[in-house]
Amino acid sequence: MPRVLVPLAEGFEELEAVTIVDLLRRAKFDVVTAGLIPGPVRASRGMVVVPDCTLDEAVNPPARADYDLVVLPGGQPGSTRLANDPRILGLLQAQQAGGRYVAAICAAPAVLARAGLLSGKRVTAYPGSLDAAALPDARIEDRAVVCDGRIITSRGPGTAMDFALMLIETLAGRDARDAVEHGLERPAAHLGAIQT
């Protein structure tokens, strides 16, 4: 079973975080939510979430174990708080060095950039959150989800479900993704909405 860490900083985007955690748990992943500091974490629109543990508890002994994937929800000022936390930057760098996955959505790909992980990569992010001039070797794409090696990025709250489903497919295969997606009653893209 894939083991996934979702760090939560004050001001995270709730739609993204909750969607990611919900869908990965539906796929039977071992998902750990971790607050940067002890206690409940307030999201960007006021929702309050109680993480499973603190970041220190999630990454230090005795709980210390490698995560198959570290996923960063976006939102502001949550993404900025993640980018300014040396523990997060070190964790992301260790993930890359260990050949493990990192993923970020919305403004959070800027955290990957701050950690030095986007050089030569194809990525997407919320418009304006990545500085193309500061990332001359990266290719910023206008797509819902972009996978480049072991880095997966997504555009924003509206792409959170597609992002989470791609994470499932990447770590557990197409059958696992299809099983979760089927249970969501998502219509095929070609059906669209019916207006009366």
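The values are calculated or read from the model by the stated rules, or taken from the named source; none is laboratory data. The shown structure was predicted, so the numbers you read here are calculated from the model rather than taken from an experiment. We place every Cβ from the backbone using ideal geometry, glycine too, and count neighbours over all the protein chains shown.
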Scanning the stretch 53-77 for residues that are of a type in the set (D, E, K, R) and assigned to a loop (DSSP other than H, G, I, E, B), which turns out modelled with the lowest pLDDT?
-> Arg64
Would the stretch 51-63 turn up any residue that is over 11 Å from the mean Cα position of the chain (by Cα) and among the hydroxyl-bearing types (Ser, Thr, Tyr)?
-> yes
Residue check for Gly99: touching a Phe, Trp or Tyr at 6+ places or on another chain (Cβ under 8 Å) and either more than 18 Å from Ala113 (Cβ to Cβ) or crowded, with 23+ Cβ neighbours inside 10 Å (or both) | no
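Filter the stretch 106-124 down to residues that are closer than 17 Å to Gly149 by Cβ and in contact with a Ser or Thr (Cβ under 6 Å, 6 or more places away or on another chain) and give me whichever is surrounded by the fewest Cβ atoms within 10 Å (Cβ to Cβ).
In the first step, residues of the stretch 106-124 are kept if they are closer than 17 Å to Gly149 by Cβ; the result is 109, 112-113, 115-124.
Going one step further and asking which of them are in contact with a Ser or Thr (Cβ under 6 Å, 6 or more places away or on another chain), we end up with 109, 123-124.
Numbers: Pro109: 33, Val123: 24, Thr124: 26.
The residue in question is Val123.
Restricting to the stretch 4-16, count the residues that are assigned to a strand (DSSP E or B) and either touching a Cys at 6+ places or on another chain (Cβ under 7 Å) or under 12 Å from Ile168 (Cα atoms) (or both). It would help to see each step written out before you state the result.
Residues of the stretch 4-16 that are assigned to a strand (DSSP E or B), as a first pass: 4-8.
Among the residues that remain, those that are also either touching a Cys at 6+ places or on another chain (Cβ under 7 Å) or under 12 Å from Ile168 (Cα atoms) (or both) are: 4.
Total satisfying the criteria: 1.
With respect to Ala107, determine if the residue is in a loop (DSSP other than H, G, I, E, B) and either in contact with a helix residue (DSSP H, G or I) (Cβ under 9 Å, 6 or more places away or on another chain) or within 13 Å of Ala9 (Cα to Cα) (or both).
Working: in a loop (DSSP other than H, G, I, E, B): yes; either in contact with a helix residue (DSSP H, G or I) (Cβ under 9 Å, 6 or more places away or on another chain) or within 13 Å of Ala9 (Cα to Cα) (or both): yes.
Yes; evaluated as a whole, the condition is true for this residue.
Per-residue answers, yes or no, for (1) in a loop (DSSP other than H, G, I, E, B); (2) of a type in the set (Val, Ile, Thr); (3) at pLDDT 95 or above:
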site	(1), (2), (3)
Val18	no, yes, yes
Val21	no, yes, yes
Arg25	no, no, yes
Lys28	yes, no, yes
Thr33	no, yes, yes
Pro38	yes, no, yes
Pro51	yes, no, yes
Could you give every pair whose Cβ atoms fall below 6 Å, whose first residue belongs to the stretch 125-138 and is assigned to a helix (DSSP H, G or I), and whose second residue is at pLDDT 90 or above and hydrophobic (A, V, I, L, M, F, W, C), counting only separations of at least 6 or pairs across chains?
-> Ala132/Ile140
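Being farther than 23 Å from Glu57 by Cβ, at pLDDT 95 or above and over 14 Å from the mean Cα position of the chain (by Cα) is the requirement here; does Gly116 meet it? Before you say what the answer is, go through the steps one by one.
Numbers: farther than 23 Å from Glu57 by Cβ: yes; at pLDDT 95 or above: yes; over 14 Å from the mean Cα position of the chain (by Cα): yes.
Against the criterion (farther than 23 Å from Glu57 by Cβ, at pLDDT 95 or above and over 14 Å from the mean Cα position of the chain (by Cα)), Gly116 qualifies.
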